[in-house]
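Visitor: Here it is, the structure, as structure tokens.
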Amino acid sequence: MQEVIRMKPLVPYAPPARADVGREHAIKYVRGLIWTYFILLIFEGSLRKWVLPQFSDVLLVVRDPVVLAIYAFAIRGRVFPNNGYVVSLGIMGVLCWLVSLVVLQPYLSLQPLILVTGFGFRSNFLHLPMIFIIGKVLDHDDLLKLGKWILIGSIPMALLLAIQFSSAPGAFINRTVGLGETLQIGAGGDKIRPPGTFSFTSGVVFCASLSATYLLYGGLSRGVYRNWLLFSAGFALMVMIGVSGSRSVLLAVVVVIASLVAIIFVRPSALNQFGRNLLIVVAVLFLVTRVPVFKEGMALLSDRFTTTAEAEENTIAGGLIARGLSGFVEAFKFVPNAPIGGYGLGIGTNGGAKFLTGRSVFLLTEGEWGRVVLESGPILGFAYLLWRTVLVFNLGVLSFRQLRRGEIITIMLYLAGFLALLTGQFGQPTNLGFAVFLGGLCLASANKKETPSETERLDPAPARAQMARRSRYAEQLHHSSAAPRDSDDSADW
């Protein structure tokens, strides 16, 4: 009897709906624009110093159109955040701007009024929703790819810093933004604090902390990056620290390395791989200490630590702690002097001062928390500072929970960027850009890629693009507090 072979009828392929295709394309554009944002963040200082110095003031906000484009495509791709953070931020932003218009209207004509308050609004509010968009559309593979380019880029960056450090303060390579004759900040003697591709040395601080983050992650994770890249980038990082002339660069790297303490107590098994790369660390230290420019830079940096401590009549450690706490204390010190509606958004930023006086100066105070309170008043000012504090706190909780699950990169990214998000000077575009980008990377590092099931792998139909899956706590950071939650969710806040 002939056996009858029954075959399952073929199911005709149904193309994805047009709306879904449009959403996937929009998300793809968002991801590409995020990379554009980061590239401009690295090189906007080069444009303002060397390429187009006559357009320095315009290039100060060169990333703003990219941000607006990201928001437009995020709305189209249905990934624009609609959580409690963004809603409350929007309400505060509108109130601060309206109050500032009322406060400054008697003293300024229409054009400077719009320019000053508009710059203040973009500094405090415009870029911050990007944190949650980055956290939605980037995944673990994106983070690793970014880390690879950061490590590769640290090599020419270190070379540029060494050349700037060895050159005269008035050399072309050490010029400041615009067409003025001002010089970069000095490091002692006839040396400047080299800014690299950035307008000021603050960009080098974040470059060093990001490089340290991915170096440490590569050392603790087998096979993530090649040994030659870790060796070269480690050598470059040591050169960066040595010639930076900045205590902040050294401290930023130390803070990232401090994540090892948390890893030892919470996830000690992650340190097993580090022993395999200890030889690389020793070799890098041995070679870099033989470089003359590194020796000269470290001598200057040591003198700066000692001189500052003596001037403040304090120990080096005590002086650093006092410097860190002064930013918080300053805000409360200015409360009696701050009008209830503040002096107006943007007044305390360098950009706002440029519109009013023609010079980039601090009209109110250099500290970020003091600036916010004086600009927006004690009520709206402290509400905005509370918003930033709550976000930083919850990102810290997220990084700790990820560490308990065995994901170590989240806490490293958090330590690289939490101070920038908490007390960073948002009126300085580089500080604002890195605060937003590092906050977004910290949130994105909690995403886990979906593993396709066996059925999905055998399915001949092309799978639709899936958004990266987030951890439970990361999901809370993305969604509004008004959204329904599981009753057993102990992380409710």
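The values are calculated or read from the model by the stated rules, or taken from the named source; none is laboratory data. Note that the structure is a prediction, hence the values are computed from the model and not measured. Cβ sites come from the backbone with ideal geometry, for glycine too, and all protein chains shown count toward neighbours. The protein model used for the area step is the full one, side chains on, heavy atoms only, and it has no ligands, DNA or RNA in it. Shrake-Rupley method; radii C 1.70, N 1.55, O 1.52, S 1.80 Å.
Visitor: Go through the residues of region 325-337 one by one and say whether even a single one is surrounded by fewer than 19 Cβ atoms within 10 Å (Cβ to Cβ), without any contact (Cβ under 8 Å) to a residue 12 or more places away in the chain, within 17 Å of residue 117 (Cβ to Cβ) and not charged (D, E, K, R).
Guide: Checked against the condition, which is being surrounded by fewer than 19 Cβ atoms within 10 Å (Cβ to Cβ), without any contact (Cβ under 8 Å) to a residue 12 or more places away in the chain, within 17 Å of residue 117 (Cβ to Cβ) and not charged (D, E, K, R), region 325-337 yields no hits at all.
Visitor: Among the residues of region 404-424, what is the count of those that are within 12 Å of the chain's Cα centre (by Cα) and over 15 Å from residue 440 (Cβ atoms)? Can you show your working first?
Guide: First, the residues of region 404-424 that are within 12 Å of the chain's Cα centre (by Cα): 413-422, 424.
Going one step further and asking which of them are over 15 Å from residue 440 (Cβ atoms), we end up with 415, 419, 422.
So the answer is 3.
Visitor: Still on this structure, please answer the following. Kindly indicate which of 28, 49 is open to solvent by less than 20 Å² (accessible area, probe 1.4 Å), of a type outside the set (Gly, Ala, Ser) and at negative phi.
Guide: Within the list 28, 49, the selection yields 49.
Visitor: If you check residue 34 against the conditions, is it more than 26 Å from residue 344 (Cα to Cα), assigned to a helix (DSSP H, G or I) and in contact with a helix residue (DSSP H, G or I) (Cβ under 8 Å, 6 or more places away or on another chain)?
Guide: yes
Visitor: Another one. Taking the conditions exactly as written (open to solvent by less than 10 Å² (accessible area, probe 1.4 Å) and over 17 Å from the mean Cα position of the chain (by Cα)), does residue 186 satisfy them or not?
Guide: No, not satisfied.
Visitor: Please return the ranges of helices (runs of 4 or more DSSP H) entirely within region 394-464 where 1 or more residues are modelled with pLDDT of 90 or more, open to solvent by 20 Å² or more (accessible area, probe 1.4 Å) and β-branched (Val, Ile, Thr).
Guide: Details: elements: 409-423, 429-444, 454-458.
Hits in region 394-464: 409-423.
Visitor: Also: Are any residues in region 338-382 free of Cβ contacts under 8 Å to residues at least 60 places away in the same chain, open to solvent by 40 Å² or more (accessible area, probe 1.4 Å) and over 22 Å from residue 420 (Cα atoms), and if so, which ones?
Guide: Start the filter on region 338-382 by keeping residues that are free of Cβ contacts under 8 Å to residues at least 60 places away in the same chain, which leaves 338, 340, 353, 357-371, 373-374, 378-379, 381-382.
In the following step, the residues that additionally are open to solvent by 40 Å² or more (accessible area, probe 1.4 Å) were identified as 340, 357-360, 362-364, 366, 379, 382.
Matches in region 338-382: 340, 357, 358, 359, 379.
Visitor: Let me ask something else. Going by the structure shown, is residue 386 free of Cβ contacts under 8 Å to residues at least 24 places away in the same chain, surrounded by fewer than 22 Cβ atoms within 10 Å (Cβ to Cβ) and under 23 Å from residue 89 (Cα atoms)?
Guide: Working: free of Cβ contacts under 8 Å to residues at least 24 places away in the same chain: yes; surrounded by fewer than 22 Cβ atoms within 10 Å (Cβ to Cβ): yes; under 23 Å from residue 89 (Cα atoms): yes.
So residue 386 passes the test.
Visitor: Go through (1) more than 21 Å from residue 416 (Cβ to Cβ); (2) touching a residue at least 40 places away in the same chain (Cβ under 8 Å); (3) among the acidic types (Asp, Glu) and name the single condition residue 142 misses.
Guide: Unmet condition: (1).
Visitor: Does region 165-183 include one or more residues that are without any contact (Cβ under 8 Å) to a residue 12 or more places away in the chain and closer than 20 Å to residue 143 by Cα?
Guide: no
Visitor: Next up: Being open to solvent by less than 50 Å² (accessible area, probe 1.4 Å) and either touching a Gly at 6+ places or on another chain (Cβ under 6 Å) or not hydrophobic (A, V, I, L, M, F, W, C) (or both) is the filter here, so list the residues in region 72-98 that pass it.
Guide: 77, 81, 83, 84, 85, 88, 90, 93
Visitor: Could you please tell me which pairs satisfy a Cβ distance under 6 Å, a separation of 6+ or placement on different chains, a first residue in region 228-256 that is free of Cβ contacts under 8 Å to residues at least 60 places away in the same chain, and a second residue that is outside any helix (DSSP H, G or I) and not small (Gly, Ala, Ser)?
Guide: Hits for this filter: 246/193; 246/201.
Visitor: Collect the residues in region 146-192 that are within 30 Å of residue 445 (Cα to Cα) and either outside any helix (DSSP H, G or I) or modelled with pLDDT under 90 (or both), keeping them in residue-number order.
Guide: Correct list: empty.
Visitor: Residues in region 209-250 that are under 17 Å from the mean Cα position of the chain (by Cα), surrounded by fewer than 24 Cβ atoms within 10 Å (Cβ to Cβ) and under 21 Å from residue 441 (Cα atoms): how many?
Guide: So the answer is 0.
Visitor: Based on this model, can you work out whether residue 204 counts as surrounded by fewer than 24 Cβ atoms within 10 Å (Cβ to Cβ), of a type in the set (Val, Ile, Thr) and closer than 30 Å to residue 366 by Cβ?
Guide: Numbers: surrounded by fewer than 24 Cβ atoms within 10 Å (Cβ to Cβ): no; of a type in the set (Val, Ile, Thr): yes; closer than 30 Å to residue 366 by Cβ: yes.
Spelling it out, it is not the case that residue 204 is surrounded by fewer than 24 Cβ atoms within 10 Å (Cβ to Cβ), of a type in the set (Val, Ile, Thr) and closer than 30 Å to residue 366 by Cβ.
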